[in-house]
1. From (1) modelled with pLDDT under 70; (2) open to solvent by 90 Å² or more (accessible area, probe 1.4 Å), pick out the condition that doesn't hold for Glu10.
2. Please tell me if Leu88 is open to solvent by less than 30 Å² (accessible area, probe 1.4 Å) and within 12 Å of the chain's Cα centre (by Cα).
3. Within the group Asp33, Asp57, Asp113, which residue is open to solvent by less than 60 Å² (accessible area, probe 1.4 Å) and at pLDDT 90 or above?
4. Gly106: within 24 Å of Cys129 (Cα to Cα) and open to solvent by 10 Å² or more (accessible area, probe 1.4 Å), yes or no?
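The values are calculated or read from the model by the stated rules, or taken from the named source; none is laboratory data. Predicted model only: the values in this text are computed from it and were never measured. The area values use the complete protein model at the heavy-atom level, side chains included, leaving out ligands, DNA and RNA. Shrake-Rupley method; radii C 1.70, N 1.55, O 1.52, S 1.80 Å.
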Amino acid sequence: MLGKPCSRAELEAAIGNLLVPKPASGFDVLLVDDEPAFARAVRDLLSLQGHHVTVVDSAAAALSAVAGHVFDVVLTDYSLGEVTGAELAETLSDTPGSPFLVLVTGYASEIDDPTLLSRGVNAVLPKPCRGEDLRQILTRVPLAQPA
C-alpha cells in the first residue's frame, strides 16, 4: 500500500519490491477461489512476481486441473461451497508429487488451527493478503531437485 502523495523514490521502491528474485521460471500455481475479484487480484500479484497462474473457481475444477497438470503450488480459499479448502488440501496431499498447499482464509479460527498441517496444508495465509504476504509464503516452497 502506498499513500498519496508519494515521491518518485517511494513509488519506484514499491514497484521494485514486487520484482524480487524468484525461481528461474517462476512457480506453476493453481489458484482456487470462487470470488472473481479476489482471484484476479491474486493472479495479477503472482504474475507480477513471475509465476504462471491457472485460476479455477471450485474444488471439482481444481481436482480436474491437477489430474492433467503438475503444479508447484496450490493456493485455495477455505470457503469453496461444496467442500472446504482444507478438505481439498487433504485430497491433494494424498496424490503423488503433491504440490505445496496454501490455505487462504478470512476466518480467524482457521488461521491458528493446528490440525491443518496434518491435513496436508503447508501454510495458511489470512485474507486480505498483500503481494509481500504471497512472496513470503512462496519462499517456503521447496525448489524441485534436478532428476
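1. (1)
2. Values: open to solvent by less than 30 Å² (accessible area, probe 1.4 Å): yes; within 12 Å of the chain's Cα centre (by Cα): no.
Judged against the criteria, Leu88 is not a match.
3. Every option except Asp33 fails the conditions.
4. Answer is yes for this residue.
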